[in-house]
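Right, one structure below, let's go through it.
The values are calculated or read from the model by the stated rules, or taken from the named source; none is laboratory data. Given the structure is predicted, the values throughout are model-derived calculations rather than measurements. FYI the Cβ positions are ideal-geometry reconstructions off the backbone, even for glycines, and counts take in every protein chain you see.
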Amino acid sequence: MLRQHPFRVLSVVAVLAVALLFLSAPGAEDTSGAWYYISAFGWFGFLLSTLLFLVLLAIVVVQRLRGRHSLRA
């Protein structure tokens, strides 16, 4: 899927990251309760999805660069 539709995959991961970031906001000041855990889930989900986005972006860039070099040879 990443080779055929890299923009689609990256945009879905980016939208997911933004949604998780917004999910982390309501309970940011809480120290216990449900909103605390929902906020923590949102924050760590945002961090993981941002890392996933960067890794996938690096993979797409490497695939594109390898594709260009194989055409020249």
* Kindly provide the set of residues from the range 19-73 that are on the phi < 0 side of the Ramachandran plot, surrounded by fewer than 14 Cβ atoms within 10 Å (Cβ to Cβ) and assigned to a loop (DSSP other than H, G, I, E, B), ordered by number. => A25, P26, A28, E29, T31, S32, A73
* Structure fact -> Within the range 1-16, of all residues that are part of a helix (DSSP H, G or I) and not β-branched (V, I, T), the one surrounded by the fewest Cβ atoms within 10 Å (Cβ to Cβ) is F7
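Count, please, the residues in the range 26-54 that happen to be among the small types (G, A, S) and touching a Leu at 6+ places or on another chain (Cβ under 7 Å).
Residues flagged as among the small types (G, A, S) and touching a Leu at 6+ places or on another chain (Cβ under 7 Å) within the range 26-54 amount to 3.
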* Asked: Which residue pairs have Cβ atoms closer than 7 Å, lie 6 or more positions apart in sequence or on different chains, and pair a first residue in the range 12-40 that is touching a residue at least 40 places away in the same chain (Cβ under 8 Å) with a second residue that is aliphatic (A, V, I, L, M)?
  -> V13/L52; V13/L56
* To do: For the range 1-23, enumerate the residues that are at pLDDT 95 or above and polar (S, T, N, Q).
  => S11
